[in-house]
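Asker: Here's a structure for you.
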Amino acid sequence: MTHGVDGEADPGERGTYVYGVVRVDQVLPDGLTGLDGSHVRLVGHETVGAAVGSIYLERPPGRGADLVAHTEVLEALAMRGPVVPVRFGSVLPDDDTVLSEVLAPRLDRFDELLSSLGGQAQFNLRAAYHEAGILQEVISENPAIAGLRDFTRDRDPDAVHPQLVRLGELVARAVDGKRASDSSFVLEQVRPLVTQDVVEPGRAIDQVFDASFLVADDRRGEFEDLLEALAEGMHERVRLQLTGPLPPYDFVGDDAWD
Amino acid sequence: MTVTSSQRRGGGYLERPAPSGLADVIEIILDKGIVIDAYVRVSLIGIEILTVDARIVIASVDTYLRFAEATNRLDLYDKGGKDLPEMLEGVTESGASGKTSGAIKGVKKAISSKSDDDESRPAKKSPSRSRRSQSS
């Protein structure tokens, strides 16, 4: 199909797919390949370089495998040094355009970002309630909820529609309160150990929060130990799930850079 | 940054899943990273829409009804003596059965009409499923 960049039969025009930006002196892993199995190489400009691959412009639209290939390249790069991930799917006409349109105009900004990200990795933390447990808590602590529940439970839902809405509203509010205090309990202890964080409050009944943290390599042990201790202490009510180390997807800014 | 393969430490209460499935990867990277003024983009069919839907949970009557349903459903898990068929029998006896099933259908529709976060948690028992056995 579209393997290799120097194949005999040229099935169409090629562009340059951009994975991320690294220091120009970063040595890429041997044999690193990305989308469609294409070789990943570095296009350098002064102190920074873009990790890129060739891609046929006429290829079929992206599938899950492409997304996975993109992340695998970024993870491989992150093992060797700081990397600024570029959003999935970015293709430029050729290598020269990557230099003139991406690297050159933002050289200082890339330099700064790569320095600030050095020696750090992202971790994602998800905190979740056991649903039955949290509902049990709010029922037993709120007489109004318990009362409405008893009233509506075995009745025709049409006949008790307003009460059901009210019950749901009270439960939502009570769970919000729990979520706020459980979130602060965890985050207040984690924050001193991390450089930056992005926290997304939960909205489903069982979600407490989803967070991303930027953690310095020399604090990682402490960070993991703390989370292990928190997970053990809270496990009857809250499950903690940690993913990482990951490339710093959430800490490179999400606006267009132009 | 030095990313190494993750090692497990401690007593194992902290879950350390390796992101493996597509859903995990989508959650971690979709719409992440700097945006460059690209010439063309590799578009992803279907995937973006799925993720956006899963994230939107608006505080609305539908959401409240879903919360209420979850709250009232709780007994199905923890009450030892009374099982599902008995409870449903009770519901049917207490009112005109035609009307009851219509009402339940209405709630079910309200619950499932908004795309909700249950989609990303397929293991969870859906509200409609526990009701469906009644009409059979």
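What follows is calculated from the coordinates using simple rules that are stated; it is not laboratory data. Keep in mind that what you see is a predicted model, and the values were worked out from it rather than measured. Every residue, glycine as well, gets a Cβ built from its backbone with ideal geometry; the counts of neighbours run over all protein chains shown.
Asker: Which value results for Rg/Rh of region A:93-249 when Rg is the Cα radius of gyration and Rh the Kirkwood radius based on the inverse mean 1/r?
Answerer: 1.19
Asker: Regarding region A:196-254, what's the average projected area of the Cα-atom convex hull, expressed in nm²?
Answerer: Approximately 4.8 nm², given one-decimal rounding.
Asker: Can you give the calculated 222 nm mean residue ellipticity of chain A, where each DSSP H run of n ≥ 4 adds -39,500 (n - 2.57) and the sum is split over every residue, rounded to the nearest 500 deg cm²/dmol?
Answerer: -11500 deg cm²/dmol
Asker: Then there's this: Using each residue's phi in region A:197-211, evaluate 6.51 cos²θ - 1.76 cosθ + 1.60 at θ = phi - 60° and report the 3J(HN,Hα) Karplus result to the nearest Hz, with x for Gly and Pro.
Answerer: Values, residue by residue: 8, 10, 10, 10, x, x, 10, 6, 3, 8, 7, 8, 6, 10, 9 Hz.
Asker: Could you list, bin by bin from short to long, the percent of Cα-Cα pairs of region A:141-224 in 5 Å steps?
Answerer: Per 5 Å bin, starting at zero, the Cα-Cα P(r) for region A:141-224 comes out as 3, 13, 18, 15, 12, 10, 8, 7, 6, 5, 3, 1, 0 percent.
Asker: Using the per-residue mean of other Cβ atoms lying within 10 Å as a proxy for protection, in what order, highest first, do the peptides A:120-126, A:21-27, A:177-183 fall?
Answerer: Values: A:120-126: 23.1, A:21-27: 18.9, A:177-183: 15.3.
Answer by packing, highest mean first, reads A:120-126, A:21-27, A:177-183.
Asker: Which whole DSSP H helices in chain A pass both tests: a Cα extent of 18 Å or more along the axis and a mean Kyte-Doolittle value no lower than 0.5? Don't skip to the end; give the middle numbers.
Answerer: On the way: long enough: A:64-78 (21 Å, 0.81); A:161-190 (42 Å, -0.07); A:220-234 (21 Å, -0.21).
Membrane-span-like by this rule: A:64-78.
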